[in-house]
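Report on the structure given below.
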Amino acid sequence: MKFGYFDDQDREYVITRPDTPLPWINYLGCQEYFGIISNTAGGYSFYRDARLRRLTRYRYNNVPMDCGGRYIYIRDNHSGRFWSPSWQPTRHDLGDYSCRHGLGYTVIGSAYEGIEARTRYFIPLDENLEIWQLTVVNRRTEPARISVFASIEFCLWDAQDDATNFQRNLSIGQVEVEDGIIYHKTEYRERRNHFAYFACSEPTAGFETSRDAFLGPYRGWEAPAAVAAGQLCNSIAHGWSPMGAHQVNLDLAPRESRQILFVLGYHENPVEQKFDPPGSQTINKKLVKPVIARYLDAKTADAAFARLREHWDKLRSTCQVETPDIHTNRMVNIWNAYQCMATFNLSRSASFYESGIGRGLGFRDSNQDLLGFVHMAPCRARQRILDLAATQLPSGGAYHQYQPLTKRGNNDIGGGFNDDPHWLIVGVSAYLKETGDWSVLDEPVRYDNRPGSETPLYEHLQRSFRYTVERLGPHGLPLIGRADWNDCLNLNCFSDTPGQSFQTTTSKDGKVAESVFIAGLFVFAARELAAIACRRGLNADAARYLNEVQKMEQAICQHGWDGEWFLRAYDNAGAKIGAKECKEGRIFIESNSFCVLAGIGLDDGRAEKALAAVGKHLATPHGIVVQQPAYSGYYLHLGEISSYPPGYKENAGIFCHVNPWVVIAETRLGHGDQAFDYYRRINPSAREEISDVHRCEPYVYAQMIAGKDAPTFGEAKNSWLTGTAAWNYYAIVQWILGLRATFEGLLIAPVIPSQWPGFTARRIYRGVVYKIAIERKGNGNRVALAVDGAPIEGNLVLPPRDGRREVSIRGILS
Ligand code: BGC
Ligand code: NOJ
């Protein structure tokens, strides 16, 4: 069952009924001001940091779900009836409802009793504001007298405090209203220099800034008293809950259409120019007023929208493919690329599942996210790398997370996740391969953001490497620390107290429990580092790295191999995890996929065996589960993984982040059919037909799909902000289609399904447009290339020496 359709031409997903199984959301904004918006206009906005600079309120996990948003009401002043054209919050039986989620914008509208209303929501580039561009059309044969109300509820900035500290917050709310513009200035009188505003392009018939006045006692957003009465009464909020609402009265002749713009924004004044007149308590609005005036104009808004479209088209244009599979095409060309940018912008901070008040940017997460967006935004990737590296600790370990506003490591969670440092190598290497910008390695970067501690970035990578070499366990495998990629495999935690954090509770000294996954990651990352060192002429360094790689491979083969597959770990008692003798958790996906991905066991049959075991024990029609059998109860020595009911999350859920590791591993063995088959199983577009089972958005990946042990097998959860985005993008583009960035140039190494006749692609790489056409003439993966008509040796295409900006590549697969 579907709830909409893909409009590939317009690069939109069109939702055609509002009652989707879950709110299907989109993101507005791509620089500093952001918003979340659902298909019924739910969501909220913030400036840079979803916790510390929240502009509007949203009630997570409320009933009805998806509560709080950018709500418009239309009232027929003849009948007194009113409704919301976005369905929520009034939930009338609308005609012609649609929500078009596009790249950086959303258009929601419908028709009701002959009045059509559609709103385009977007954030212009380079501005800290959002535009709601509403078009109202009278489709009746009679004139219509209507009122339009637009409303938002302000959050008192710190979203965590806003939702908890009522004894203070109910007394501090302050607003100003001037020239019809509502200004939210809570705490502006003291240490904040920023305020929010809500403005309307038309002369208004009234406003409201007090939520109590707007809704009326004991009423909700579905039936605000002031809307029912048809008249806002210019309330000024003093404490309690400040909000913003505007009323516009319209007389519309038959077929007449009108446009109204609402602008919600954030502004920060220089501290010495906060007040006007100086010494007063009144906001200085001189700097912000011209900005507001500019965007209350429909032509300016249209131009800003066109610029936004161009921006996204430009980002997308770096890599476009045309394959025989429509789901591949629309994910690579549109939605997966878009989701990668969302993970870059927001890491794991704000979604329908991430409340925006918990995690900041994750060290391992953001480094992996780089794989999916570095080609679209190389300069921003460079900055991200430097920011991340500055939260590395002198030991080579890293803060697990950092706050986007301060860029400081998060002390609440600290470090000690022993995989973290290696992801920095992975991220930097991806950046180098894409850009060829070796200067980044010489950038001086601090440790723990401490002035004076700077070393070149290259040394950060060396310390990442050393971190593991200095922390090996009894089998010569890396100590796991608090956890590895699997945040929930907490082998030193031993928590028996409800509510304790599995990630920060450490009850053992950590000298025994080892991770075979980190071992595989180490081999992968240290090889990358050796390749980097070689290219810088640091051959002694490279030899040292490779020497450790060799030792690690030996340790894996000796102590990390179980006969049919790779072990997962050793616990604090030295017992095996992920071994045939285990009753539960007998085989895991992470070590088996990543060891093969890292090239371990390719020549001795181990890789083939490991992947066969994954296929046999872990693969399901909905994707590949984390482990089997699921843990049936809580095990003190395993931690959070066994806290989840079987089939959910890390306890044998289908963790979509790690599925592409298997895909890549399969391509390393040349198994194009198998790789693509796995890729397709979790591709959200390919699952669109089962939206009633999948339940999350069909245009973006979810972190998890419930595994076969769960009663809700096949149901997705935690969409949008997940490493799944980058890894699937990377797997399909660089490993299945085989358009792989390397240190030297573009490698063409497709491992595509045997039935595909071929594919074409257009890839902008280091400033050169590569037009690629691959044709299949046999069943294998051997590729013969001609570059601009001339056959070349091998399959590495070096950047043109003669300054050509366009290169054509033809490849024959046999
Ligand atoms: C989740 C993990 C997540 C972690 C972050 C756990 O509860 O299951 O997926 O990475 O929290 O702290
Ligand atoms: C989500 C976290 O963001 C990521 O860092 C982790 O690897 C996975 N969960 C698996 O636990």
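Some observations on this one:
- Pairing each residue of the stretch 635-653 that is free of Cβ contacts under 8 Å to residues at least 40 places away in the same chain and of a type in the set (Val, Ile, Thr) with any residue that is away from ligand 2 (no atom under 11 Å from the Cβ) and part of a helix (DSSP H, G or I), provided the two are 6+ apart or on different chains, yields no C-beta distance under 9 Å.
- Test: residue in the stretch 608-629 that is within 16 Å of ligand 2 (Cβ to nearest atom) and polar (S, T, N, Q): yes
Let's see how each residue does on (1) more than 23 Å from Phe207 (Cα to Cα); (2) not small (Gly, Ala, Ser); (3) not in a strand (DSSP E or B):
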position	(1), (2), (3)
Gly80	no, no, yes
Arg100	yes, yes, no
Thr106	yes, yes, no
Ser110	yes, no, no
Tyr121	no, yes, no
Leu134	no, yes, no
Ile146	no, yes, no
Asp161	yes, yes, yes
Gln167	yes, yes, yes
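- Gly415 being within 16 Å of ligand 2 (Cβ to nearest atom) and under 30 Å from Ala575 (Cβ atoms): yes
- Ile283, sole failed condition from (1) surrounded by 15 or more Cβ atoms within 10 Å (Cβ to Cβ); (2) within 34 Å of the chain's Cα centre (by Cα): (2)
- Search result, residues across the stretch 629-648 that are surrounded by fewer than 21 Cβ atoms within 10 Å (Cβ to Cβ) and more than 28 Å from the chain's Cα centre (by Cα): Pro629, Ser632, Gly633, Tyr634, Tyr635, Leu636, His637
- Taking each residue of the stretch 479-495 that is modelled with pLDDT of 95 or more and of a type in the set (Gly, Ala, Ser) and looking for partners that are within 13 Å of ligand 2 (Cβ to nearest atom) and in a loop (DSSP other than H, G, I, E, B) with beta-carbon atoms closer than 7 Å, six or more apart or interchain, yields Gly481/Asn418; Ala483/Leu489; Ala483/Asn490; Ala483/Gln503; Ser495/Phe502.
- Which listed residue, of Arg17, Arg51, is modelled with pLDDT under 95 and assigned to a loop (DSSP other than H, G, I, E, B): Arg51
- Breaking point among (1) part of a loop (DSSP other than H, G, I, E, B); (2) in contact with a Phe, Trp or Tyr (Cβ under 8 Å, 6 or more places away or on another chain), for Ala150: (1)
- Yes/no for Leu424 being within 16 Å of ligand 2 (Cβ to nearest atom), closer than 30 Å to Ser317 by Cα, within 18 Å of the chain's Cα centre (by Cα) and surrounded by 24 or more Cβ atoms within 10 Å (Cβ to Cβ): no
- Test result for Gly68, under 25 Å from Ile182 (Cβ atoms), in contact with a Pro (Cβ under 7 Å, 6 or more places away or on another chain) and in contact (Cβ under 8 Å) with a residue 40 or more places away in the chain: no
Table: residues versus (1) more than 14 Å from ligand 1 (Cβ to nearest atom); (2) in a loop (DSSP other than H, G, I, E, B); (3) among the hydrophobic types (A, V, I, L, M, F, W, C); (4) buried (at least 24 other Cβ atoms within 10 Å of the Cβ).
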{"residue": "Asn345", "(1), (2), (3), (4)": "yes, no, no, no"}
{"residue": "Tyr353", "(1), (2), (3), (4)": "no, yes, no, no"}
{"residue": "Ser366", "(1), (2), (3), (4)": "no, no, no, yes"}
{"residue": "Leu370", "(1), (2), (3), (4)": "yes, no, yes, yes"}
{"residue": "Cys379", "(1), (2), (3), (4)": "yes, no, yes, no"}
{"residue": "Ile385", "(1), (2), (3), (4)": "yes, no, yes, yes"}
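- Contact map, the stretch 453-471: residues that are without any contact (Cβ under 8 Å) to a residue 12 or more places away in the chain paired with residues that are surrounded by fewer than 20 Cβ atoms within 10 Å (Cβ to Cβ) and not basic (Lys, Arg), Cβ distance under 6 Å, separation 6+ or inter-chain. Pairs shown: Glu454/Pro444.
- Restricting the stretch 695-728 to residues that are of a type in the set (Ser, Thr, Tyr) and crowded, with 24+ Cβ neighbours inside 10 Å leaves a set whose member that is nearest to ligand 1 (Cβ to nearest atom) is Thr722.
- Failed item, numbered, when Asp509 is tested on (1) outside any helix (DSSP H, G or I); (2) touching a residue at least 60 places away in the same chain (Cβ under 8 Å): (2)
- Once the stretch 502-517 is narrowed to residues that are of a type in the set (A, V, I, L, M, F, W, C) and more than 16 Å from ligand 1 (Cβ to nearest atom), the residue that is surrounded by the fewest Cβ atoms within 10 Å (Cβ to Cβ) is Val512.
The values are calculated or read from the model by the stated rules, or taken from the named source; none is laboratory data. Remember, predicted model here, so these are calculated numbers, not experimental data. Neighbour counts are summed over all protein chains in view; Cβ atoms, including those assigned to glycine, are modelled from backbone coordinates with ideal geometry.
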